[in-house]
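To start, the structure under review is shown below, and the notes come after it.
The values are calculated or read from the model by the stated rules, or taken from the named source; none is laboratory data. The structure presented is a predicted model; accordingly, all values stated were derived computationally and were not measured. With ideal geometry, Cβ positions are generated from the backbone for all residues, glycine too; neighbour counts draw on all protein chains shown. The protein model used for the area step is the full one, side chains on, heavy atoms only, and it has no ligands, DNA or RNA in it. Shrake-Rupley method; radii C 1.70, N 1.55, O 1.52, S 1.80 Å.
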Amino acid sequence: MGCYECCVKCLGGIPYASLFATLLCFTGVALFCGCGHQALTETERLIETYFSRNLQDYTSLAYIIVYFQYIIYGTASFFFLYCIILLAEGFYTTSAVKETFGNFRSTLCGRCLSTTFIAVTYLLAVIWLLVFACAALPVYIFYNMSSTCQTITILSETSSGLNQLCVDARQYGVLPWNATPGKVCGMTLVAVCKTKEFDMTFDLYIAAFAGAGATLVALIHFLMTLSANWAYSKDSWKVRLYNSIRVKETQELEEILKSSRNGTTSSNEIEKA
């Protein structure tokens, strides 16, 4: 076997669908965890600077942000290991189906393991769908805040009473209702929207939302790939079982025919004698 044939054989054993899903999942999780972690830190800074003057008002929020950041650490580690395991399972299943690297066989244990991966990935996809929906909430809040700032800027030269246009962090559940001031209004709100911290936090939340979406697509892609590999493994097992039964029946038939021929030959010899 030449070098070219060897390369083609090796490339034929690569699970491209699982590899694509793994890269997409790594990218999505990195975006979601990295940008989400920094966005939470910047959000705490904005709340502390503009929406609350009392430390007691956002103490609970600060603890929640710290807990979420630890959850992000765990999420990144878990998805890194899980994607590596799914990629390895894709390599094994592809080799077992195509029989590229020798005499791999799809065993009952292997099919049960694939079924377990399908169930776990489905559960993760459902959970991540909720994470994806929750990731849209801060994007919605910051978009409303940016839209209010644009409205105030447009109406600043022609209208009065701009101080009635406000963004109240308490109505989103970010701060308790007794927090002071809890809201930012008028031109002060416009000044907040023009700060670098606001723009960066908004962009980070958008990137985290996009990363959550990419991770969800990767999990769905993994689910389709695992289901297809499981079906191929099951079919290949049935085909091998059928072939083994057919070979055994052929051997038995040949033995019967051979015995019949031997019996006929013996009868002829006896008659001649």
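With a sphere of radius 11 Å drawn around the Cβ of residue 196, what net charge do the other residues whose Cβ falls strictly inside it have (Lys, Arg +1; Asp, Glu -1)? Its environment carries a net charge of -3.
Protection proxy ranking, highest mean first, for peptides 65-71, 148-154: 148-154, 65-71, where packing is the per-residue count of other beta-carbon atoms within 10 Å, averaged.
Taking the accessible area of the range 182-232, probe 1.4 Å, and keeping the other protein chains in place, the carbon and sulfur fraction comes to 72%. Taking Cβ atoms as reference points and 12 Å as the exclusive limit, the residues near residue 42 contribute a net charge of -3, counting Lys and Arg as +1 and Asp and Glu as -1.
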